[in-house]
Each structure stands twice: as C-alpha cells, then as structure tokens.
1. All but one of (1) at positive phi; (2) open to solvent by 80 Å² or more (accessible area, probe 1.4 Å); (3) at pLDDT 95 or above; (4) not hydroxyl-bearing (Ser, Thr, Tyr) hold for Gly36, so report the exception by its number.
2. So, in region 34-56, how many residues would count as being touching an Asp or Glu at 6+ places or on another chain (Cβ under 8 Å), within 18 Å of Ser22 (Cβ to Cβ) and not small (Gly, Ala, Ser)?
3. Name, by its number, the condition in (1) among the aliphatic types (A, V, I, L, M); (2) open to solvent by 50 Å² or more (accessible area, probe 1.4 Å); (3) within 20 Å of Ala9 (Cβ to Cβ) that does not hold for Ala52.
4. Give the residue, chosen from Leu69, Leu30, that is at negative phi and modelled with pLDDT of 80 or more.
Amino acid sequence: GLARRAAAALKFHRLVQAVELSLIVVLAALWDALSGGLAATRVLMVACVVVAVLQTVLHLVSILASRRLS
C-alpha cells in the first residue's frame, strides 16, 4: 500500500505510459535532430528502463506483501 501511494504521488510511472512517452520521444527526437547526436534518445531509453524495472519490482513486492496472497 505504501509503495503504491508513493508511486502515485511521484507520478514517475507516467513516463512509460503511451501518450506521455510518445510526447517525450518526439521531444527527444527533435533535440537529437537539432544537436546532431543521439544523447537525448539514449538518456530517454535509460530512464524508461529504470522506471520500468522499478515498477516491476514494486509491483512484485506489492503482490508478495498482499494479504490476499496468504
């Protein structure tokens, strides 16, 4: 419960949702096109992987800590 409330308060989970991520991808692509590199895309990929892994771990913890499991 605590992890779920913390994740909802931080709203970091929104980074990997479809609409928000699409907008961020467009911004990263524009930045990369203007700068001539791939730095923004690489940072975005790392951030998405970190958020997805953290979400997966927190989801597993919430399932294992659930009272309905026992």
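The values are calculated or read from the model by the stated rules, or taken from the named source; none is laboratory data. Note that this is a predicted model, so its numbers are computed, not measured. Cβ atoms come from the backbone with ideal geometry, glycine included; neighbour counts cover every protein chain shown. Areas reflect the complete protein model, heavy atoms only, side chains present, ligands, DNA and RNA absent. Shrake-Rupley method; radii C 1.70, N 1.55, O 1.52, S 1.80 Å.
1. With (1) at positive phi; (2) open to solvent by 80 Å² or more (accessible area, probe 1.4 Å); (3) at pLDDT 95 or above; (4) not hydroxyl-bearing (Ser, Thr, Tyr) applied to Gly36, the lone miss is (2).
2. Residues that pass the stated criteria total 1.
3. Result: Ala52 passes all but (2).
4. The conditions single out Leu30.
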